[in-house]
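Just so it is clear, none of the values below were taken in a lab; they were calculated from the coordinates. These numbers come from a predicted model, not from an experiment. No Cβ is skipped: glycine too gets one built from the backbone with ideal geometry, and neighbour counts run over all protein chains shown.
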Amino acid sequence: MGRVPRIGVLGLQGDFACHRASLEALGVEAIRVVLPEDLADCDALVMPGGESTTMTRLMERNRLRPALERFVREKPVLGTCAGVILLSKRADHLPAPPLGVLDVTTERNAYGRQIDSFSAEVMVPPLGGPFHGVFIRAPRLREVGAGVEVIAWRGDEPVGVRQGRCVGICFHPELTSDLRLHRWFLTEVAGLSLAAATAGANVGGA
C-alpha cells in the first residue's frame, strides 16, 4: 500500500477543525498548518473560512506567507469562504495583497454580517447536481477571469471556481455531513487515491 495522503489545513484562525474532520473521514492525514515547516510533505492544502484580515496578519506574523505563496503555485489548494479571498488576485480592504493564484475579484462580506448568514441549494456540475451551501459572512465573486472555470452556481451567480489545481468556493462544505466536495477535490483536482474503506463514506446532504 502507498503512503496515506497528507493534507494541510491552514490553522491560523477560523473553522479549520471541521475541515480536518471531513478530510479524516475520507481516510487522509490532516495536518494543521501554522508555521512554514508544517507544509513539508503536504500533498495539498485547504484554506478554511474565518476572518480574512486576521488570517492575513497572522500569515505575516508567523512568517508563513513566502512558504504559502510557493505552495499554492505548485500544489493543489482548496479555499473556502475567507480562503477564496486569500487566493484571489483582487480583494478589497485587506492589510496585504492576497496570494493571487485565482484570477477572480472577490468582495468580502458581500451578503452582509453574521446575522445575514443563510443556506441555499448550490448547483455543482462536477458533483452531478445540487449541494447544500452554507453561507456565513460570505464573499462574492465579482469578476471571473477568462481562464477560470465556474464549478458552482447559486442561481445565475458563480459561487465556486477552479483554475488548474486551485479551487475556491464561497460557502462552507465542512459544515455539512456531505463529503462529496472534499472527495472531488482530493481525487479529481489533487489526483490522490483514497483508501478503499472510505468509498462508501456519506455522500448525502447536510
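Computed values, structure above
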{"item": "Integer Hz, Karplus 6.51/-1.76/1.60 couplings in order for the stretch 157-169, x for Gly and Pro", "result": "9, x, 10, x, 9, 9, 9, x, 8, 10, 10, x, 10"}
{"item": "Computed [θ] at 222 nm, deg cm²/dmol, the chain (DSSP H ≥ 4; -39,500 (n - 2.57); rounded to nearest 500)", "result": "-5500 deg cm²/dmol"}
{"item": "Two-site FRET efficiency, Ser119 against Asp156, from Cβ-Cβ distance with R₀ of 22 Å, rounded to 0.05", "result": "0.75"}
{"item": "Stretchable slack from Thr187 to Glu29, in nm (0.36 nm times residue separation minus alpha-carbon distance)", "result": "55.4 nm"}
{"item": "Top positive-direction residue, dipole computed over the chain with Cβ charges, set Leu94, Ala152, Leu10", "result": "Leu94"}
{"item": "Pair Ala40, Arg142: separation of 7 Å Cα→Cβ label points (nm)", "result": "4.1 nm"}
{"item": "Built amide H within the under 5 Å cut-off of Arg142, gap 5+", "result": "Thr105, Thr106, Glu107"}
{"item": "Gain on full stretching of the segment that runs from Ala96 to Arg6 - 0.36 nm per residue minus C-alpha separation", "result": "29.5 nm"}
{"item": "The stretch 40-94 versus the stretch 172-195: alpha-carbon centroid distance in Å", "result": "19 Å"}
{"item": "Residues in the stretch 123-161 reached by a label modelled at Ser177 [backbone nitrogen below 18 Å; 7 Å Cα→Cβ]", "result": "131-134"}
{"item": "Farthest positive-ward along the stretch 40-139 dipole, Cα basis, beta-carbon charges - from Ser52, Pro126, Gly79", "result": "Ser52"}
{"item": "Computed Kirkwood radius, in angstrom, where 1/r is averaged over Cα pairs of the chain", "result": "16.7 Å"}
{"item": "For Leu192, distant residues with modelled amide H under 5 Å away", "result": "Thr187"}
{"item": "Whole-Hz ³J(HN,Hα) from phi, Karplus 6.51 cos²θ - 1.76 cosθ + 1.60, for the stretch 139-153, glycine and proline x", "result": "x, 10, 8, 7, 9, 10, x, 4, x, 10, 8, 7, 10, 8, 10"}
